[in-house]
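Q: Got a structure for you, written out below as structure tokens; questions coming shortly.
The values are calculated or read from the model by the stated rules, or taken from the named source; none is laboratory data. This is a predicted model, so every value here is computed, not measured. Every residue, glycine as well, gets a Cβ built from its backbone with ideal geometry; the counts of neighbours run over all protein chains shown.
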Amino acid sequence: MDKIMNIVFAKDPFEKEFHQAVSEVLRSVKPVLDKNPEYRYAGIMERIIEPERVIQFRIPWVDDQGEIRVNRGFRIEMNSAIGPYKGGLRFHPSVNLSILKFLAFEQIFKNALTTLPLGAGKGGADFDPRGRSDNEVMRFCQSFMCELYRHLGQDTDVPAGDIGVGAREIGYLFGMYKKLKNEFSGVLTGKSLNWGGSLIRPEATGYGTVFFAEEMLATRNDSLKGKVCLVSASGNVAQYTIEKLNQLGAKVVTISDSSGYIYDEKGIDEAKLQYVMYLKNGRCGRIKEYAQKYPEAVYSEHDRSLDHNPIWNIKADCAFPSATQNEINVKDAQNLVNNGVYVVSEGANMPTIPEGVEIFLENKILYGPGKAANAGGVAVSGLEMSQNAMRIKWPREEVEAKLKSIMQGIHRACLLASEEYGTPGNYVNGANIAGFVKVADSMMDQGIV
Ligand code: NDP
């Protein structure tokens, strides 16, 4: 294990998010490698940590003032052992190689858990769509696709959305791809319904995260009904997490964005959620406006000088972190436990730092790591690809039923793997092991490539 980590440190000394993701998986799969030395002889770990291909490119575009802007674009084609590269595109100023490699690495195990034929990839750019006009976003997306198109294809690499890439961006990206290739194919997922999108894709990640929590609770003969829940962020994942929690009778009391958070003791009900969707998706507004519209709610600005995030210091039963990596530090994790939270289901990717995860595991709370709990998004992307290939569209109820059954299957696979390797109920080990074994076996079958 040390040898593998040393390779990662030596080759990419500054990629701290990537180190974090690799080291967690290594810890989980060590007993698997001990029991199955053939994986060692086949160099599976040495190969799985190395992306099959990394593409980095220049994205020049012109802003509304006529000024020339240049951003940096990436696509990490991480692993194609079980299907075409699949994973989202993130447009955010923080995007760099380390963040995208950690996300692409996580995607290997997540996609394997879905049971669908999906390889792993991730991409994006250090571009910030916030505050940009529609025309600027369109020109940026077109320039991005002018380079990326040559690496994509419905059987090669099929990106989707992530932070900063929603239906609007997918539309502009798809339009440019179609023009350049002169073909209409399912090369992106998260498309709009009129031109190849799947029902339930926008809802899928949030709904799936809630289904996963429900499955974890069921192991203790418990349910989400009447539970008080904390949700961070107010983007795609957060919105549909809240929607499903409301449908299942839970009460959500928080929501946030990168400027601050709302505490609404009465709960963010369906009408308030509709307002959040209008505010965030229609107007690109800030979450503090929620407290102006609903004076019973309290808004607090993020205070960067604090050593913790107060959104995680509120009495509750369940938490659904839905913003970004490492949003829960040690103190936050301890605060959650101290406040009675006993279910954490991660909508975001790697939102809890490793020492925080240890606190959850030590306290035996029901902890669903992102790569298992938020796999519903990529799962429905896989279903979108199937519908595109068959040129049909499944009804809403059918896709939601398939999503629910996939999330139940992921939960079961994690639980079984955690039991088989002696850590029952540890979904971190379960997710890493179940995902790893499928990909490792496929890599063995396909030889040294
Ligand atoms: P969106 O762009 O729709 O929303 C992102 C939300 O997170 C916004 O509310 C944003 O606030 C907030 N946010 C982003 N960065 C920070 C930060 N540094 N601190 C505090 N808040 C922040 O993204 P998604 O909802 O799609 O993605 C959220 C998370 O879920 C990500 O970790 C993503 O990787 C993960 N995920 C998404 C999937 C999907 O299908 N979309 C699938 C699986 C995982 P602001 O507007 O102020 O920036």
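Q: State which residue pairs qualify: first residue among the aliphatic types (A, V, I, L, M) and inside the range 189-207, second residue near the ligand (Cβ under 10 Å from one of its atoms) in any location, beta carbons under 6 Å apart, and separation of 6 or more residues or different chains.
A: 200/380; 204/376; 204/377; 204/380
Q: Still on this structure, please answer the following. Could you check the range 344-449 for helices (runs of 4 or more DSSP H) lying wholly inside it with 1 or more residues that are among the charged types (D, E, K, R) and within 16 Å of the ligand (Cβ to nearest atom)?
A: Those helices (runs of 4 or more DSSP H) span 370-373, 376-390, 396-420.
Q: A follow-up question, please. Within the range 71-125, how many residues are more than 12 Å from the ligand (Cβ to nearest atom) and not small (Gly, Ala, Ser)?
A: Residues meeting the conditions: 22.
Q: Applying the selection to the range 237-275, what residues are buried (at least 23 other Cβ atoms within 10 Å of the Cβ) and away from the ligand (no atom under 16 Å from the Cβ)?
A: The answer is 250, and nothing else.
Q: Here are some residues: 188, 224, 180, 199. Which one is more than 12 Å from the ligand (Cβ to nearest atom) and outside any loop (DSSP other than H, G, I, E, B)?
A: Going through 188, 224, 180, 199 in turn, the sole match is 180.
Q: Oh, and also: Yes or no: residue 84 assigned by TED's automatic domain parsing to the domain that holds residue 151 and surrounded by fewer than 17 Cβ atoms within 10 Å (Cβ to Cβ)?
A: Criteria not met by residue 84.
Q: Inspect all residues belonging to the range 311-323 and state whether any of them is part of a helix (DSSP H, G or I) and over 28 Å from residue 133 (Cα atoms).
A: Yes - at least one qualifying residue is present in the range 311-323.
Q: Go through the residues of the range 31-47 one by one and say whether even a single one is closer than 29 Å to residue 127 by Cβ and either of a type in the set (Val, Ile, Thr) or touching a Leu at 6+ places or on another chain (Cβ under 6 Å) (or both).
A: No, the range 31-47 contains no residue that is closer than 29 Å to residue 127 by Cβ and either of a type in the set (Val, Ile, Thr) or touching a Leu at 6+ places or on another chain (Cβ under 6 Å) (or both).
Q: To continue, here is another question. List, please: which pairs have Cβ atoms under 9 Å, are six or more places apart or on different chains, and start with a residue in the range 250-274 that is at positive phi and end with one that is part of a helix (DSSP H, G or I) and away from the ligand (no atom under 14 Å from the Cβ)?
A: 267/246
Q: Out of 173, 152, 118, 148, which single residue is in contact with a strand residue (DSSP E or B) (Cβ under 9 Å, 6 or more places away or on another chain), of a type in the set (A, V, I, L, M) and within 21 Å of residue 392 (Cα to Cα)?
A: Within the list 173, 152, 118, 148, the selection yields 118.
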